[in-house]
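A.B. asks: I have a structure here, written as structure tokens, and I will follow up with some questions on it.
The values are calculated or read from the model by the stated rules, or taken from the named source; none is laboratory data. Note that the coordinates shown come from a computational prediction; the quantities given were computed from them, not determined experimentally. Cβ: placed from backbone, ideal geometry, glycine included. Neighbour counts: every protein chain shown. These accessible areas exclude ligands, DNA and RNA; they are computed on the full protein's heavy atoms, side chains included. Shrake-Rupley method; radii C 1.70, N 1.55, O 1.52, S 1.80 Å.
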Amino acid sequence: MSRAIRQIRVPGAVPGVTVRLLLVGVVAVGAVTLVPFPLWQAIAVVAVVVAVVIPRTLAAWAAAACLPFGAILTEPSPGRTALALLLVHAIHVLAALSLVVPLRSRLAVRVLRPTFLRFGIVQLLSQPLVFAMWLLAPSGVDRGTEWLAPVAAAALVMGVLLALRAAKRSDGDPAHAASGGGEAGVDAGVGADVRGPS
């Protein structure tokens, strides 16, 4: 006698692959509208395809980086800047979701309500701010400030390296973990390391 296989039906659910297909669509739209160079368009599309197949490669963020690169190298426009801000943020959200939503799963759309809400709030705050900066910036603001770009890039790399070093030190120093908290009696080799991001 065989038992029937029970399935859970979630109302308003979409296949998990939808998140990754949306990611491809957003990158493709951004590459066509914001990047005028065919080589960089191809790099963005290849990166997002890799991200769809293997999300852990984080290639979606490489695809996202191609969009502002194209916007920077073309004639300045507030519309293109606003579109780049919207699409790069959407790529970030969809890429993060693709890391946690399995390909063959079903995803209840109402579960994504907080994500959509955060996305909308960030856009409502950032779009007017960017447009105001566009209006207030003098026309010759880029003259004489070229040195700020490499300094800012170096500061960003330094900050990331320091954060990685601090994370590695806190994960790899069992004596620090035992002396720092009230769990000195716990053996360092036993149990799960739960000191990750919360």
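A.B. asks: Scanning segment 32-52 for residues that are crowded, with 20+ Cβ neighbours inside 10 Å and more than 17 Å from the chain's Cα centre (by Cα), which turns out nearest to HIS89 (Cα to Cα)?
C.D. replies: Filtering segment 32-52 for residues that are crowded, with 20+ Cβ neighbours inside 10 Å and more than 17 Å from the chain's Cα centre (by Cα), the one nearest to HIS89 (Cα to Cα) comes out as LEU34.
Yes/no matrix, rows are residues, columns are (1) more than 15 Å from the chain's Cα centre (by Cα); (2) among the small types (Gly, Ala, Ser):
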{"site": "ARG56", "(1), (2)": "no, no"}
{"site": "CYS66", "(1), (2)": "no, no"}
{"site": "PHE69", "(1), (2)": "yes, no"}
{"site": "THR74", "(1), (2)": "yes, no"}
{"site": "GLY79", "(1), (2)": "yes, yes"}
{"site": "VAL93", "(1), (2)": "no, no"}
{"site": "SER98", "(1), (2)": "no, yes"}
{"site": "ARG104", "(1), (2)": "yes, no"}
{"site": "PHE116", "(1), (2)": "no, no"}
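A.B. asks: Same structure again: Tell me, which residue of segment 98-109 that is out of contact with any strand residue (DSSP E or B) (no Cβ under 9 Å at 6 or more places or on another chain) and touching a residue at least 24 places away in the same chain (Cβ under 8 Å) is farthest from ALA51 (Cα to Cα)? Don't jump to the end; show me each part of the working.
C.D. replies: Filtering segment 98-109 down to residues out of contact with any strand residue (DSSP E or B) (no Cβ under 9 Å at 6 or more places or on another chain) leaves 98-100, 102.
Filter once more, so that each one left must be touching a residue at least 24 places away in the same chain (Cβ under 8 Å): 98-99, 102.
Details: SER98: 9, LEU99: 9, PRO102: 13 Å.
In this case the residue turns out to be PRO102.
A.B. asks: With respect to GLY12, is the statement that it is among the small types (Gly, Ala, Ser), in contact with a helix residue (DSSP H, G or I) (Cβ under 8 Å, 6 or more places away or on another chain), more than 20 Å from VAL122 (Cα to Cα) and exposed (fewer than 13 other Cβ atoms within 10 Å of the Cβ) true?
C.D. replies: So GLY12 fits the description; yes.
A.B. asks: Which residues, taken from segment 83-97, are of a type in the set (A, V, I, L, M, F, W, C) and either touching a Cys at 6+ places or on another chain (Cβ under 7 Å) or more than 15 Å from VAL50 (Cα to Cα) (or both)?
C.D. replies: Here is the first cut: in segment 83-97, the ones of a type in the set (A, V, I, L, M, F, W, C) are 83-88, 90-91, 93-97.
If the condition is that a residue be of a type in the set (A, V, I, L, M, F, W, C) and either touching a Cys at 6+ places or on another chain (Cβ under 7 Å) or more than 15 Å from VAL50 (Cα to Cα) (or both), then LEU83, ALA84, LEU85, LEU86, LEU87, VAL88, ALA90, VAL93, LEU97 are the ones that fit.
A.B. asks: Taking the stated definitions as given, is VAL88 under 12 Å from ARG20 (Cα atoms) and buried (at least 19 other Cβ atoms within 10 Å of the Cβ)? Walk me through it before giving the result.
C.D. replies: Values: under 12 Å from ARG20 (Cα atoms): no; buried (at least 19 other Cβ atoms within 10 Å of the Cβ): yes.
So VAL88 fails the test.
A.B. asks: Moving on to the next point. Within segment 97-131, work out how many residues are open to solvent by 40 Å² or more (accessible area, probe 1.4 Å) and assigned to a helix (DSSP H, G or I). Before the answer, list the steps.
C.D. replies: Initial filter on segment 97-131 (open to solvent by 40 Å² or more (accessible area, probe 1.4 Å)): 99-100, 102-104, 106, 109-111, 113-114, 116-119, 121-122, 124-125, 127-131.
When the remaining residues are screened for being assigned to a helix (DSSP H, G or I), the result is 99-100, 109-111, 113-114, 116-119, 121-122, 124-125, 127-131.
Residues meeting the conditions: 20.
A.B. asks: I'd like the full set of residues that are open to solvent by 30 Å² or more (accessible area, probe 1.4 Å), touching a helix residue (DSSP H, G or I) at 6+ places or on another chain (Cβ under 6 Å) and not small (Gly, Ala, Ser), limited to segment 53-66. Steps first, answer last, please.
C.D. replies: Going residue by residue through segment 53-66, those that are open to solvent by 30 Å² or more (accessible area, probe 1.4 Å) are 53-54, 56-58, 61-62, 65.
With the extra rule that they be touching a helix residue (DSSP H, G or I) at 6+ places or on another chain (Cβ under 6 Å), the set shrinks to 57, 62.
Within segment 53-66, just THR57 meets the criteria.
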